[in-house]
1. Return the long-range amide H neighbours of M785 (sequence gap of 5 or more, or a different chain), with a cut-off of under 5 Å between placed amide H atoms.
2. For the pairs K601/K670; K649/K687; K455/K502; K502/K559, flag any whose C-alpha to C-alpha distance is greater than 20 Å.
3. Leaving out ligands, DNA and RNA, what percent of the accessible area of segment 133-243 is carbon and sulfur, probe 1.4 Å?
4. Carbon and sulfur together cover what percent of the accessible area of segment 392-531 at a 1.4 Å probe radius?
5. Within the chain, which whole H helices from DSSP have a Cα span along their axis of at least 18 Å and a mean Kyte-Doolittle hydropathy of 0.0 or more, if any?
6. How long are the semi-axes of the equivalent ellipsoid of segment 234-309, taking √(5λ) for every eigenvalue λ of the Cα gyration tensor, in whole Å from largest down?
7. When Lys and Arg each count +1 and Asp and Glu each count -1, what net charge do the other residues less than 13 Å away from E637, Cβ to Cβ, add up to?
8. Let me know the Rg and Dmax you get for segment 177-263 when you use only its Cα atoms, in Å.
Amino acid sequence: MAQEIEFAFSVPGGLHARPASLLRSAVSRFGSAAMFVNRRSGRTANARSTLALVSTLTRHGDPCALLLDGADEVAAAEAMRGFLRDDLPLSGESLPAAPRPLQTSTALPRALSAAAVPVLRGTRASGGIARGRVVIGEGLAPLADGHVERAGDAAEEIARLDRAFATTIAALQVRSAGAANETERAILGAHLSILEDPELRSRIEDEVRSNGVSAPQAVRATIGHFVGILRASGSDSLEERALDLRDLAGQLVRAVSGDSSEASTDLTGAAVLVAEDLAPSGFLSLDRQHLRGIALGGGGRTSHTVILSRAAGIPCVTGLGEAAAAIPSESETIVDGERGLVVVNPPPAVLRFYEAEMEKLATIRSRLETFRTAPGRTADGRPVEVGANVASLEDVRLAFASGAEGIGLFRTEFLFMSRQEPPSEDEQLHVYSEAARMAGGRPVIVRTLDAGGDKPIPYLGIPREKNPFLGYRAVRMYGEHREIVATQLRAILRASAFGKLKVMVPMVATVEEMRGVRALVRQLSEELAAEGVLFDPGLEIGMMVEIPSAAFLLGALSKEADFFSIGSNDLAQYFFAADRDNERVSRLYSPLHPAFLRLLKQIVDEAHLAGGWIGLCGEMGRDPLRAPLLAGLGLDEISLAAPRIPAVKSALARAGSGECRALLDEALAKKSAPEVEALVRAFSESKRDRAIVADGTVRLRATSRSREEAIRELVNLLHASGRITDADRFEEAVWRREEAASTAIGLGVAIPHAKSAEVRVTSIALLRFEPPFPWVPGDEETVRMAILIAVAEDAPEDAHLRLIASLSRRLMDDGYRETLLSAADEEGVVRLIRDAAS
Ligand code: PEP
Ligand code: MG
């Protein structure tokens, strides 16, 4: 009887080429026929065809079904359930997220609204600011260009198609092998999957046979058919996928015509590419050394071209419409990917504005950079190693680029999934030794196979179980699958000659399980030694603490395990008896619950009592807000997904270890998870730099030469130091006050001010001007100094009035004012202002 899986479609961008190609390769491992049904649109598709899947116009959340029919349908259904639950939702995760849609008012910053040049408005597709000379790109050839080529006989045209597909696929494979990052590889993989789709091929060939058209025309007509379906979908993200199909049509048509050149635009110097649209392959063929920014007439925020530019850090504005066509070649142009603007031939004032903006973005980046490279430690210097969880070599690269101090968890099961047989010893040796090499002496904890439960591996032939999470999984299967485990351990042992590898055993519940693995490692080590193979004889063997029984056995286990790492994902589900993936019981699954924190505390204390090292590698380590609580437990390490590493280090650096312990004690005394959550949040808020003024908010040699520039420079100081959330909005608030009456108060001083929702912490910024200039054009008196007061919205009603009053009073004092104007460094100014504001 056929198997049927009902599910809600889980990928936020809908069923486009990337998830479709993943789904296709997942079902293709089985012999059963696989039919995908979208219950909302009523469309069905052969799940082995990427294009047919894309044509179902499936959106995020659509009710869907997968029907499997054939000899291996039961195993296929089992595997596909896991795939739909665990892998498919991640199919967009490795790609850089789109910038938030612009929430600021559509008002332009003053420097731009005052400029005498048009500012083109588009969509911000990739952040950052670029400056360069315009190079006009070609754009994509239309699918229906009216050009009709005389067709040869069908066999001849089909032979041309064969050659064209072969060359295009080979070219994509070469490009994919040399991809600069995981995003490029994923997108090229999706393109390959479309070209390898048998449905596409047979439709094109049918077109040749039935309508007697030439090969290029058959390609255009067939791809045009699919493009039409996507365009009619009513979903922006699916419509944007039409670009991939047009891109592939262009590549195929060129290949059919024997044109081996790439449609590429030559760039020299700092260049801004302007075009109506740009295909992903067009982007990849551009010389990245010269490409500074991209401005497109068409396009949206989710096309693959946009995703590629984000991954490469190239600012990009799309949706400029016809205005793009009017941008002259060679003109000096700014692409403002932060606001979705393009400025052609910017006058000097606009250039100065953007230079300051670029400097500010660099300051913000370098602030995070400090934490990226710093070791994880609390404010008083207690080390808490911050490691990364990885599942591939690409993840390892990203982990170290993000500041990981080691790999706290290498989930190796992904090397075993999506294939017909286990990876060979040499294949694994390559991965583990490469990871060790990339780590350059930092520790890499390789977890041995954690199959079963939520991680199905069909060729292990795990029988269907009623309760797989409580069933035959991970270390429990090692006896039966000794060969597979021994091969993996041999590969890890051999790779240990290349760096500091450690082994970690998953799902350990008893001392005997650890003894079994240790004995196997001992035996393999002896064999390797006899073979004369190099390995680290001191290789540490540790274990995950993710089963409650282990938590109460740490004294005994520490005789067998060289280290521990808490797997809070599984530990929480077994502790609360609440499936970690079941939405209906997610209320109960709460790692911040005081009961769970008590369990964690007991585990860490026991491990330390036995003289052991203990980290945590579950998801609860991901949230920077929780880092002080975890440090309070006394953990030696926290391991998490790479992108959050700098933020977790920054949260640790703001909290003293004593405070962290006190925070934990307070949390342990609470009665519910929401109470602990509130406590942790309040702690993080209290750690913000609340001092009213700091070195970073004072500049003694300001570059501004007008009130407009000075207000922006002051606002930028607050923005760069993280005290306001949105510079443009806050600048507007300052101007609303300024326009009511000039804030130049005499004595060479101006005190602009505003109270607004963008202010995180009530703050003061200060600039000194040399030479002084009139605050308002025509004023007789000039200003030598401007002091901006930014007041948080939740501050008391009259806070800013009191601040202005006390500052003004001190400024009336000639001695105070002169000391302020002549102070030699920012520190001196900070002291004087703090004194006046208190
Ligand atoms: C865990 O259980 O916390 C863990 C890290 O392992 P996984 O999520 O791979 O089961
Ligand atoms: Mg686990």
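1. Under 5 Å from the amide H of M785: A750, F769.
2. Working: K601/K670 15 Å; K649/K687 14 Å; K455/K502 22 Å; K502/K559 17 Å.
Listed pairs above 20 Å: K455/K502.
3. Summing carbon and sulfur atoms, their accessible area is 51 percent of the total for segment 133-243.
4. Values: 2920 of 5590 Å².
Using a 1.4 Å probe with all protein chains present, segment 392-531 comes out at 52 percent carbon and sulfur.
5. Working: long enough: 154-177 (34 Å, 0.35); 182-195 (20 Å, 0.53); 198-211 (19 Å, -1.55); 215-231 (24 Å, 0.62); 242-256 (21 Å, 0.61); 348-373 (37 Å, -0.33); 425-439 (21 Å, -0.80); 482-495 (19 Å, 0.36); 511-531 (30 Å, -0.21); 594-609 (22 Å, 0.41); 673-686 (20 Å, 0.16); 707-720 (19 Å, -0.18); 727-740 (20 Å, -1.39); 799-812 (20 Å, 0.49).
Those that clear 18 Å and a mean of 0.0 are 154-177, 182-195, 215-231, 242-256, 482-495, 594-609, 673-686, 799-812.
6. Details: eigenvalues 83, 75, 14 Å².
Calculated on Cα positions only, the semi-axes equal 20, 19, 8 Å.
7. Values: positive: R377, R382, R442, K502, K649; negative: E385, E405, D636.
Result for the neighbourhood of E637: +2.
8. Considering segment 177-263 through its Cα atoms, Rg and Dmax are 14.0, 42 Å.
The values are calculated or read from the model by the stated rules, or taken from the named source; none is laboratory data. Everything quoted here is computed from the prediction, not taken from an experiment. FYI the Cβ positions are ideal-geometry reconstructions off the backbone, even for glycines, and counts take in every protein chain you see. Areas reflect the complete protein model, heavy atoms only, side chains present, ligands, DNA and RNA absent. Shrake-Rupley method; radii C 1.70, N 1.55, O 1.52, S 1.80 Å.
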